[in-house]
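Right, one structure below, let's go through it.
The values are calculated or read from the model by the stated rules, or taken from the named source; none is laboratory data. Remember, predicted model here, so these are calculated numbers, not experimental data. We place every Cβ from the backbone using ideal geometry, glycine too, and count neighbours over all the protein chains shown. In case anyone asks, the SASA skips ligands and DNA or RNA and just uses the protein heavy atoms, side chains included. Shrake-Rupley method; radii C 1.70, N 1.55, O 1.52, S 1.80 Å.
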Amino acid sequence: MAGSAFAYWAAQHGFTPTVVDREPRASSRISRVEIGFGGVGVLERMGIVDRLADEVGPPPTVEFHFRDDAEPVRVPAASPETTLVVRRDPLLRELRALASANAEHVFGDSVTGLEETPDGVDVEFENGPARRFDLVVGADGLHSTVRGLSFEGTEADHVHDLGVTVAIFTVPDFTGQDALSSVLVRPGRGAMLSDIPGEDALEAVLLHRRPRGGRDTERETPEELAAAFAEDGWHVPRILDEMSRADVRIAPTRQVRLDTWSRGRVVLLGNAAFCSDPMSGMDTALALKGAMSLAGELARVEGDHRSGYFAYEAAMRPHVEHAQWMGEYTVDGVAPSGGSSGLRLTRAAVWAGAVATRVTSFVTGGNNLTDAGPEFPFERYAPAGERDTV
Ligand SMILES: Cc1cc2nc3c(=O)[nH]c(=O)nc-3n(C[C@H](O)[C@H](O)[C@H](O)COP(=O)(O)OP(=O)(O)OC[C@H]3O[C@@H](n4cnc5c(N)ncnc54)[C@H](O)[C@@H]3O)c2cc1C
């Protein structure tokens with residue numbers, strides 16, 4: 001996502017980007033993404049929101065089920081003007097199509113070597129011949145090869161496990177819910193069902209806090225997850241039954257934390273630089289805003305990439321810190337640590353948040369707390385001909 005968005009914005013500013021992606025097809029096992037926190041503003045400026053009209057749904061109300069004998073705590077939906085839910089594959093395809101119209105694409109290849117020279121970076125590829133580029137943007141995701149080649153330290157120094165396993169899979173729509181995410185919260189684990197726009201299906205998510213926390217690099221299996229949820233009621237028996245037949249994506253929840261996002265002419269973007277964790281619901285917005293910011297700042301500095309990288313990092317750091325805080329907060333809200341007392345604290349926090357959200361929504365005429373976060377200077381990054389003011 002970040003790479004395609006950057007290619008689009010870089011081309012708008014007059015650069016000639018080349019995108020290298022080892023995956024020829026834009027597809028994933030993630031069915032839906034919720035995009036808020038300024039991400040919709042970037043998509044609108046790319047003209048993508050209109051083209052995705054059939055794939056988009058409204059932001060969901062979230063229902064937290066803490067106790068079997070009590071009503072769920074309801075957190076009102078964010079404003080549809082600032083937040084949307086979209087099927088991930090059509091979004092990826094639209095971003096790629098837009099990038100392809102504006103940039104050279106090399107699919108099915110990967111970078112194997114980066115050597116900086118005074119006036120460029122010599123790049124070696126797995127399959128194609130070596131080439132020289134002025135700048136290299138590593139937007140190659142959580143396990144970034146560019147980061148591994150250019151930055152000191154190993155992946156273990158940069159990628160931090162939050163100690164919780166997340167399993168995501170698609171199940172038939174057996175609840176008939178609409179614009180709703182419903183969540184069962186139990187000590188150390190949580191289960192979530194969300195509807196997918198335009199599909200007769202739900203996205204199911206299980207989160208399980210591992211006994212040894214972030215030190216455990218072993219992946220939990222579906223069988224181990226099923227054992228952890230075996231005693232739970234609500235929709236869990238049906239979810240576990242569906243999981244036994246589903247194509248399940250299981251991974252630890254992780255964040256990428258780096259002291260700096262650039263080394264010489266190489267800079268990182270998106271999950272490669274600042275993954276905040278899928279549960280924050282903010283990584284797409286971060287990737288899109290980061291792409292617009294990086295291209296915009298480079299366009300303002302007339303070839304002085306160091307100043308451009310510095311300004312990009314200064315602009316994006318507050319957004320990333322907010323998102324990474326949200327990532328940890330959300331994981332703790334759905335799979336609370338601290339046993340039964342942790343569950344009670346989480347319930348109190350979610351209840352207080354729900355009340356605060358209602359008040360905020362009332363006062364601001366529709367926006368709620370989940371729309372909060374640092375302001376993003378869209379106008380600063382608009383290509384010169386599209387700015388309202390110079
Ligand atoms: C389970 C899950 C749920 C999510 N839900 C949400 C959500 O609700 N809301 C939200 O905002 N975000 C969500 N996200 C995050 C979002 O989908 C993206 O991961 C995020 O936008 C970051 O995008 P990215 O482009 O930086 O990284 P990625 O999307 O990971 O893209 C990396 C790209 O680099 C390519 N690549 C990787 N390695 C190489 C290599 N060595 N050589 C060449 N190419 C390479 C890959 O093929 C890919 O195209 C979720 C993510 C996951 C995993």
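List of remarks:
- Packing, taken as the mean count of other beta carbons within 10 Å per residue, orders the peptides 111-119, 198-206 from highest to lowest as 198-206, 111-119.
- A crude spin-label estimate for the pair Arg238 and Arg51, with each label 7 Å from Cα along the Cβ direction, gives 3.7 nm.
- The residues of region 162-253 present an accessible area of 43 Å² per residue when probed at 1.4 Å with all protein chains retained.
- Using alpha carbons only: equivalent-ellipsoid semi-axes of region 1-102, gyration tensor based, whole Å: 33, 15, 11
- Sorting the segments 40-53, 263-276, 159-172, 121-134 by their residues' average number of neighbouring beta-carbon atoms within 10 angstrom, most packed first, yields 263-276, 159-172, 40-53, 121-134.
- The chain: calculated mean residue ellipticity at 222 nm from DSSP helix runs of at least 4, using -39500 (n - 2.57): -11000 deg cm²/dmol
- Note on the chain: with neighbouring protein chains present and a 1.4 Å probe, carbon and sulfur make up 49 percent of its accessible heavy-atom surface.
- Protection proxy ranking for 234-247, 85-98, using the average of other Cβ atoms within 10 Å per residue and placing the highest first: 85-98, 234-247.
- Sites Thr61 and Ala201, calculated FRET efficiency, Cβ-Cβ separation with R0 25 Å, nearest 0.05: 0.85
- Between the helical axis of 305-334 and the longest alpha-carbon principal axis of the chain there is an angle of about 10 degrees.
- What region 15-145 shows is 51 Å² of accessible area per residue, with the surface traced by a 1.4 Å probe over protein heavy atoms.
- Helix 2-12 axis, angle to the chain major axis (alpha carbon atoms, nearest 10°): 40 degrees
- Surface/4 of the Cα convex hull for the chain, nm²: 19.5 nm²
- Descending semi-axes in whole angstrom, ellipsoid equivalent of region 162-253, from the Cα gyration tensor: 23, 13, 12
- Gap separating the Cα centres of region 152-202 and region 256-272, nearest whole Å: 27 Å
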